[in-house]
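Engineer: My questions will all concern the structure given below.
The values are calculated or read from the model by the stated rules, or taken from the named source; none is laboratory data. In this text the structure is predicted, and so the values were computed from the model without any measurement. Cβ sites come from the backbone with ideal geometry, for glycine too, and all protein chains shown count toward neighbours. When the accessible area is computed, the model is the full protein with side chains, heavy atoms only, and any ligands, DNA or RNA have been set aside. Shrake-Rupley method; radii C 1.70, N 1.55, O 1.52, S 1.80 Å.
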Amino acid sequence: MIKPAAFKLAVLFCLFGAALLAAPPSALPVRAAMSDVAAASEKAALSDALSPKEQEFDAEQEFIEKINAERTERGLNALAVDSLLRHTARAHSREMAALGYFSHRSPVPGLGTPLDRYLAGLHPAGLHLAGLHGLRGRTPGALLLGENIYFCSVFSDVYGVDYAHRALMSSPGHRANILEPRFTRIGLGVTRSAAGEFWVTEMFSRDGG
């Protein structure tokens with residue numbers, strides 16, 4: 001069970017209705033070498049395994065544009081796309097679709113929480129690219145992560161990205177993640193099934209400090 005202070009989470013379920021689960025924000029203690037973070041980010045950027053379909057990629061870009069528009073209109077920084085966050089978000093959306101569930105908690109051992117999934121991307125890194133995230137040679141004392149997930153049983157002109165984004169912005173927990181001033185990076189993962197079902201994972205982080 002996730003302790004209330006462990007994550008900043010928000011969940012919206014779009015299936016002829018909506019439900020919300022939110023927990024307050026917290027910095028998550030992490031010990032990871034920045035060379036590993038950089039290597040994992042580069043490996044995710046080069047990976048073809050989770051390349052989305054063209055329509056899914058377009059939806060991801062549209063979500064990012066809308067999120068950054070919300071932020072800059074309020075005087076906040078725009079978020080930079082992070083390859084590791086994007087890889088992690090895509091993997092979670094595809095896993096939810098493949099296993100038929102909708103939750104921040106994965107049933108896959110070792111991938112239970114958003115933090116687990118993010119850290120899992122660090123360990124298999126076999127490449128070395130120093131200097132990403134402005135963190136060369138540094139180990140963060142804490143990592144701030146946020147995750148929004150969204151599901152809808154249909155994807156159409158009416159129930160598409162704009163509808164999903166407006167639903168997320170109308171939910172206090174999702175909105176708080178989208179407008180969190182400490183976040184600097186974002187990764188989006190969109191998956192659509194053959195039946196038209198629509199899974200979205202939005203992941204946010206700040207540069208380590």
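Engineer: Could you tell me whether PRO24 is farther than 15 Å from PHE198 by Cα and either of a type in the set (Gly, Ala, Ser) or at pLDDT below 50 (or both)?
Structural biologist: When the stated conditions are applied, PRO24 passes them.
Engineer: So, LEU50, is that one assigned to a loop (DSSP other than H, G, I, E, B), modelled with pLDDT under 90, surrounded by 13 or more Cβ atoms within 10 Å (Cβ to Cβ) and touching a His at 6+ places or on another chain (Cβ under 9 Å) or not?
Structural biologist: yes
Engineer: Could you check region 142-160 and list, in sequence order, the residues that are in contact with an Asp or Glu (Cβ under 9 Å, 6 or more places away or on another chain), among the polar types (S, T, N, Q) and not in a strand (DSSP E or B)?
Structural biologist: Result: SER153, single match.
Engineer: Hey, another quick one. When you look at GLU95, is it acidic (Asp, Glu) and open to solvent by 60 Å² or more (accessible area, probe 1.4 Å), yes or no?
Structural biologist: no
Engineer: Could you go through region 170-186 and let me know if any residue there is assigned to a strand (DSSP E or B) and in contact with a helix residue (DSSP H, G or I) (Cβ under 9 Å, 6 or more places away or on another chain).
Structural biologist: yes
Engineer: Of PRO172, PRO124, which residue is open to solvent by 70 Å² or more (accessible area, probe 1.4 Å), of a type outside the set (Gly, Ala, Ser), at pLDDT 85 or above and more than 16 Å from the chain's Cα centre (by Cα)?
Structural biologist: Step by step, each of PRO172, PRO124 is checked, and only PRO172 is open to solvent by 70 Å² or more (accessible area, probe 1.4 Å), of a type outside the set (Gly, Ala, Ser), at pLDDT 85 or above and more than 16 Å from the chain's Cα centre (by Cα).
Engineer: Same structure again: Considering each residue of region 98-115, count those that are more than 23 Å from ALA195 (Cα to Cα), touching an Asp or Glu at 6+ places or on another chain (Cβ under 7 Å) and surrounded by 17 or more Cβ atoms within 10 Å (Cβ to Cβ), and give that number.
Structural biologist: Final tally of qualifying residues: 1.
Engineer: On the given criteria, is TYR118 crowded, with 20+ Cβ neighbours inside 10 Å and either at pLDDT below 90 or not in a strand (DSSP E or B) (or both)?
Structural biologist: Against the criterion (crowded, with 20+ Cβ neighbours inside 10 Å and either at pLDDT below 90 or not in a strand (DSSP E or B) (or both)), TYR118 qualifies.
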